[in-house]
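The structure appears below as C-alpha coordinates.
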Amino acid sequence: MVEKKQRSRQQDVPTEPPRRNYAARGIAGLLAPIVRPAFRRRAPAAAQILADWPSLAGPDLASRAAPLKFGGGTLTLGCTGPAAMALQLLSPQIIARLNLALGHSMIERLRFVQQAAPLPQASPPRLHHAPVSLPENLPEGPLGAALARLYEGIKSRDYANRRRG
(Lines give C-alpha, C1' and ligand atoms only; values in the text may rest on other atoms or scores of the structure.)
Protein backbone atom coordinates (compact mmCIF):
# COMPACT_ATOMS: atom_id res chain seq x y z
CA MET A 1 0.00 0.00 0.00
CA VAL A 2 2.84 2.35 0.76
CA GLU A 3 4.27 1.59 -2.65
CA LYS A 4 1.03 2.70 -4.35
CA LYS A 5 1.10 6.10 -2.61
CA GLN A 6 4.72 6.67 -3.57
CA ARG A 7 4.04 5.73 -7.17
CA SER A 8 1.09 8.14 -7.45
CA ARG A 9 3.18 10.96 -6.00
CA GLN A 10 5.96 10.25 -8.43
CA GLN A 11 3.54 10.34 -11.32
CA ASP A 12 2.09 13.74 -10.21
CA VAL A 13 5.47 15.45 -10.02
CA PRO A 14 6.70 16.55 -13.45
CA THR A 15 10.21 15.56 -14.26
CA GLU A 16 10.99 18.66 -16.39
CA PRO A 17 10.20 22.27 -15.59
CA PRO A 18 7.81 23.92 -18.04
CA ARG A 19 9.44 25.63 -20.98
CA ARG A 20 9.80 29.42 -20.68
CA ASN A 21 9.66 31.82 -23.53
CA TYR A 22 12.65 34.16 -23.40
CA ALA A 23 11.79 35.97 -26.62
CA ALA A 24 11.73 39.74 -26.64
CA ARG A 25 8.39 41.31 -25.66
CA GLY A 26 7.10 44.78 -26.40
CA ILE A 27 7.39 47.40 -23.69
CA ALA A 28 3.64 48.05 -23.82
CA GLY A 29 3.00 44.49 -22.68
CA LEU A 30 5.32 44.94 -19.73
CA LEU A 31 4.19 48.40 -18.64
CA ALA A 32 0.44 47.99 -19.08
CA PRO A 33 -0.16 46.05 -15.84
CA ILE A 34 1.95 48.54 -13.91
CA VAL A 35 0.55 51.77 -15.36
CA ARG A 36 -3.11 50.79 -15.69
CA PRO A 37 -4.00 51.35 -11.98
CA ALA A 38 -2.47 54.82 -12.03
CA PHE A 39 -4.41 55.80 -15.14
CA ARG A 40 -7.60 54.46 -13.64
CA ARG A 41 -7.25 56.83 -10.74
CA ARG A 42 -6.70 59.97 -12.77
CA ALA A 43 -6.59 59.84 -16.53
CA PRO A 44 -4.31 62.36 -18.22
CA ALA A 45 -7.22 63.60 -20.33
CA ALA A 46 -9.26 64.35 -17.22
CA ALA A 47 -6.34 66.21 -15.69
CA GLN A 48 -5.97 68.32 -18.84
CA ILE A 49 -9.69 69.14 -18.93
CA LEU A 50 -9.77 70.10 -15.27
CA ALA A 51 -6.59 72.19 -15.43
CA ASP A 52 -7.28 74.01 -18.70
CA TRP A 53 -11.06 74.40 -18.37
CA PRO A 54 -11.28 78.21 -18.77
CA SER A 55 -9.20 78.19 -21.95
CA LEU A 56 -10.86 75.05 -23.40
CA ALA A 57 -14.45 76.07 -22.69
CA GLY A 58 -14.25 79.79 -23.29
CA PRO A 59 -15.34 82.53 -20.89
CA ASP A 60 -19.11 82.04 -21.35
CA LEU A 61 -19.19 78.30 -20.67
CA ALA A 62 -16.52 78.51 -17.97
CA SER A 63 -18.60 81.05 -16.06
CA ARG A 64 -21.73 78.86 -16.22
CA ALA A 65 -20.32 75.36 -15.60
CA ALA A 66 -17.33 73.70 -13.97
CA PRO A 67 -15.92 70.24 -14.78
CA LEU A 68 -16.26 67.76 -11.95
CA LYS A 69 -14.98 64.50 -13.45
CA PHE A 70 -14.27 62.74 -16.72
CA GLY A 71 -14.46 59.03 -17.37
CA GLY A 72 -15.62 56.64 -20.05
CA GLY A 73 -16.12 59.42 -22.57
CA THR A 74 -18.54 61.27 -20.26
CA LEU A 75 -17.67 64.73 -18.96
CA THR A 76 -19.61 65.66 -15.82
CA LEU A 77 -20.25 69.37 -15.44
CA GLY A 78 -21.57 71.11 -12.34
CA CYS A 79 -23.91 74.04 -12.93
CA THR A 80 -27.17 75.57 -11.76
CA GLY A 81 -30.50 74.10 -12.85
CA PRO A 82 -31.41 76.76 -15.44
CA ALA A 83 -27.88 76.72 -16.87
CA ALA A 84 -28.04 72.92 -17.19
CA MET A 85 -31.22 73.19 -19.26
CA ALA A 86 -29.64 75.71 -21.61
CA LEU A 87 -26.34 73.83 -21.87
CA GLN A 88 -28.09 70.54 -22.53
CA LEU A 89 -29.57 72.02 -25.69
CA LEU A 90 -26.07 73.13 -26.75
CA SER A 91 -24.41 69.77 -25.92
CA PRO A 92 -23.43 68.82 -29.49
CA GLN A 93 -21.75 72.19 -30.07
CA ILE A 94 -20.01 72.08 -26.68
CA ILE A 95 -18.72 68.54 -27.28
CA ALA A 96 -17.45 69.49 -30.74
CA ARG A 97 -15.68 72.61 -29.41
CA LEU A 98 -14.03 70.75 -26.52
CA ASN A 99 -12.88 67.86 -28.73
CA LEU A 100 -11.47 70.34 -31.24
CA ALA A 101 -9.57 72.14 -28.49
CA LEU A 102 -8.24 68.84 -27.07
CA GLY A 103 -7.06 67.67 -30.49
CA HIS A 104 -8.95 64.37 -30.62
CA SER A 105 -12.41 62.99 -29.95
CA MET A 106 -12.37 62.16 -26.24
CA ILE A 107 -15.70 63.53 -25.03
CA GLU A 108 -18.76 61.61 -26.20
CA ARG A 109 -21.42 62.73 -23.72
CA LEU A 110 -22.05 65.53 -21.25
CA ARG A 111 -23.66 64.91 -17.89
CA PHE A 112 -24.95 67.83 -15.85
CA VAL A 113 -25.05 67.83 -12.06
CA GLN A 114 -26.86 70.58 -10.25
CA GLN A 115 -24.79 72.53 -7.78
CA ALA A 116 -25.03 75.95 -6.22
CA ALA A 117 -23.84 78.89 -8.27
CA PRO A 118 -20.47 80.23 -7.17
CA LEU A 119 -20.73 83.35 -5.11
CA PRO A 120 -19.47 86.48 -6.85
CA GLN A 121 -16.19 87.76 -5.51
CA ALA A 122 -17.20 90.71 -3.41
CA SER A 123 -14.76 93.34 -2.35
CA PRO A 124 -14.41 93.76 1.41
CA PRO A 125 -16.72 96.40 2.83
CA ARG A 126 -15.18 99.80 3.20
CA LEU A 127 -15.04 101.02 6.71
CA HIS A 128 -15.79 104.65 7.27
CA HIS A 129 -13.40 106.09 9.74
CA ALA A 130 -12.96 109.44 11.36
CA PRO A 131 -10.12 111.60 10.11
CA VAL A 132 -6.88 110.85 11.94
CA SER A 133 -4.61 113.63 13.15
CA LEU A 134 -0.97 112.70 12.54
CA PRO A 135 1.73 113.09 15.15
CA GLU A 136 3.84 116.21 14.74
CA ASN A 137 7.27 114.64 15.08
CA LEU A 138 7.23 112.46 11.88
CA PRO A 139 10.35 112.76 9.70
CA GLU A 140 10.20 114.33 6.22
CA GLY A 141 10.40 112.35 2.98
CA PRO A 142 9.32 108.83 2.04
CA LEU A 143 9.94 107.45 5.52
CA GLY A 144 7.61 110.03 7.04
CA ALA A 145 4.91 109.27 4.42
CA ALA A 146 5.16 105.53 5.13
CA LEU A 147 4.92 106.09 8.88
CA ALA A 148 1.91 108.36 8.36
CA ARG A 149 0.08 105.67 6.34
CA LEU A 150 0.91 103.08 9.00
CA TYR A 151 -0.37 105.36 11.77
CA GLU A 152 -3.60 106.06 9.84
CA GLY A 153 -4.17 102.34 9.29
CA ILE A 154 -3.70 101.49 12.94
CA LYS A 155 -5.94 104.29 14.14
CA SER A 156 -8.69 103.51 11.59
CA ARG A 157 -8.75 99.85 12.74
CA ASP A 158 -8.99 100.98 16.37
CA TYR A 159 -11.88 103.26 15.43
CA ALA A 160 -13.68 100.49 13.51
CA ASN A 161 -13.21 97.99 16.36
CA ARG A 162 -14.56 100.46 18.93
CA ARG A 163 -17.56 101.13 16.71
CA ARG A 164 -18.39 97.41 16.31
CA GLY A 165 -17.94 96.46 19.93
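The values are calculated or read from the model by the stated rules, or taken from the named source; none is laboratory data. On a predicted model such as this, the values are computed, not experimentally measured, just so you know. Cβ atoms come from the backbone with ideal geometry, glycine included; neighbour counts cover every protein chain shown.
Per-structure values
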| quantity | calculated |
| --- | --- |
| Selection count where residues are β-branched (Val, Ile, Thr), in a strand (DSSP E or B) and within 14 Å of Asn99 (Cα to Cα), scope region 44-85 | 1 |
| So Val113, is it at pLDDT 80 or above and surrounded by 10 or more Cβ atoms within 10 Å (Cβ to Cβ) | yes |
| Filtered residues of region 85-103 (kept if among the hydrophobic types (A, V, I, L, M, F, W, C) and out of contact with any helix residue (DSSP H, G or I) (no Cβ under 9 Å at 6 or more places or on another chain)) | Met85, Leu89, Ile95, Ala96, Leu100 |
| Any chance Arg97 is of a type in the set (Lys, Arg) and at pLDDT below 85 | no |
| Selection from region 86-110 of residues that are surrounded by 12 or more Cβ atoms within 10 Å (Cβ to Cβ) and part of a loop (DSSP other than H, G, I, E, B) | Leu90, Ser105, Met106, Ile107 |
| Odd one out for Glu140 among (1) at pLDDT 85 or above; (2) among the charged types (D, E, K, R); (3) surrounded by 11 or more Cβ atoms within 10 Å (Cβ to Cβ) | (3) |
| Test: residue in region 5-19 that is exposed (fewer than 10 other Cβ atoms within 10 Å of the Cβ), in the same structural domain as Leu90 (by TED's automatic domain parsing) and modelled with pLDDT under 70 | no |
